[in-house]
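Notes follow the structure.
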Amino acid sequence: MQTGFARTGKLFAMEHYDVSPDLMTIAKSLAGGMPLSGVVGRAEIMDAAAPGGLGGTYAGNPLAVAAAHAVLDIIDEERLCERATRLGDKLKSTLHALRKDVPQIADVRGPGAMIAVEFCRPDTHEPDTAFARAEQTRALERGLLLLVCGVYGNVVRFLFPLTIQDEIFDEALAILEDVLTETIAAAA
């Protein structure tokens, strides 16, 4: 569910790997916010349930199904898989370029637009929670929302919409660059 439709540069994240699932659950961004979920899978598994054996609270809502069709059309028409890859590459490139000035950047990872940056202390390589939180606070002051996560709270995960306007995305990258360099300056 977390990978969303097209977020990783493929319609489903598993397409990045040599995997063919028996069953797969889908939901969240499938219907653009409308309540809809589903289970899809190989015919011999899906056909094994007795009549009425598959169903659920969000099953069969015609409005949500119509929304899902519209979402899938938009993903295709606007080439959002390709856009996720392009935007993600631009974000990763920005973060990699900042590594020379921001030694706390320990790792930049993720496919497509599902990107995370991990911060560690350059001298000990231990998680740097304080740096991540300071970055989040400075970004918020400038109008950029960042999600701090990870076991140690030292990772920032980026969750921008794939339909974000290029100008807004570039503005966010500029704020991110400024915030990272300001956080370094404040720590010095």
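Any read-out appearing in this document is the output of simple, stated calculations on the displayed coordinates, not a laboratory observation. If you're wondering where the values come from, they're calculated on a predicted model, not measured in any experiment. Virtual Cβ from ideal backbone geometry, glycine too; neighbours counted across all protein chains shown.
For this structure, a couple of remarks:
- For the peptides 121-129, 103-111, the ranking by packing is 103-111, 121-129, with the highest mean count of neighbouring Cβ atoms within 10 Å listed first.
- Approximate spin-label separation L159-A49, in nm, with each point projected 7 Å along Cα-to-Cβ: 2.8 nm
- Here the dipole of the chain is about 240 debye; that uses its Cα centre as origin and unit charges on the Cβ of Lys and Arg (positive) and Asp and Glu (negative).
- Reach of K92 by Cα under 14 Å, taken over aspartates and glutamates that are not fewer than 8 positions away in the same chain: D107, E118, D170, E177
- Value at 222 nm in deg cm²/dmol, rounded to 500, when DSSP H runs of n ≥ 4 in the chain each add -39,500 (n - 2.57): -13000 deg cm²/dmol
- Per-residue ³J(HN,Hα) for segment 120-131, Karplus 6.51 cos²θ - 1.76 cosθ + 1.60, θ = phi - 60°, Hz, x for Gly and Pro: 9, 5, x, 7, 10, 6, 7, x, 10, 4, 4, 5
- Shape category assigned to the chain from the gyration tensor of Cα positions, a/c cut at 1.5: prolate
- Relative contact order of the chain, pairs being alpha-carbon contacts under 8 Å that are 6 or more residues apart, as %: 17 percent
- Zone of R79's modelled label, taken as backbone nitrogen in segment 165-183 under 16 Å from a point 7 Å along Cα→Cβ: 166
- Proximal charge balance of V179 [Cβ under 10 Å; K/R count +1, D/E count -1]: -3
- Among residues other than R138 with Cβ under 9 Å from its Cβ, the summed charge is -3 (Lys and Arg +1, Asp and Glu -1).
- Within segment 120-173: Cβ-based charge dipole about Cα centre, in debye rounded to nearest 20 (Lys, Arg +1; Asp, Glu -1): 260 debye
- Relative to the longest principal axis of the Cα atoms of the chain, the long axis of helix 62-77 lies at roughly 50 degrees.
- The overall shape of segment 142-188 is oblate: from the C-alpha gyration tensor, with semi-axes ordered a ≥ b ≥ c, the ratio a/c is 1.5 or greater and a/b is no larger than b/c.
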